[in-house]
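Here's the structure, in structure tokens; my notes come after.
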């Protein structure tokens, strides 16, 4: 099946950069994303060899923005999450 979508140039360039960072063509990277987000992806992972599962998990982990700030210990403390339960 072939699907064609129109993207703003800025978004297309961002996709190209993300694919290149993974050493993939845009087409291959988008196919990988599509496989990961299909309803049967969990069932397929359960049948996947441990090495392949680890590779896919690593790819998923690396797909997140690494510049996201980490919350402080105080922000993650139980007291800050449940202030009414002191």
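None of the figures in this text is laboratory data; all of them are computed from the coordinates on show. This one's a predicted model, so the numbers in the text were calculated from it and none came from an experiment. All Cβ positions, glycine included, derive from the backbone under ideal geometry; neighbour counts span all protein chains shown.
For the chain, the longest principal axis of the Cα atoms and the long axis of helix 50-62 meet at an angle of about 70 degrees. Distance in nm between label sites at residue 81 and residue 5, each 7 Å beyond Cα in the beta-carbon direction? Here the modelled spin labels are 3.4 nm apart.
At full extension, residue 68 and residue 55 could sit 2.4 nm farther apart than now, given 0.36 nm per residue minus the alpha carbon distance. Seen against the Cα atoms of the chain and their longest principal axis, helix 26-36 is set at about 50 degrees. Relative to the longest principal axis of the Cα atoms of the chain, the long axis of helix 9-21 lies at roughly 90 degrees. When the convex hull of its Cα atoms is viewed from all sides, the chain shows a mean projected area of 9.8 nm².
Extension gain, residue 12-residue 28: 0.36 nm per intervening residue step, less the Cα-Cα distance, totals 4.3 nm.
Of all the options 11, 31, 58, the one that moves most in a Gaussian network model of the chain with Cα springs shorter than 10 angstrom is 11.
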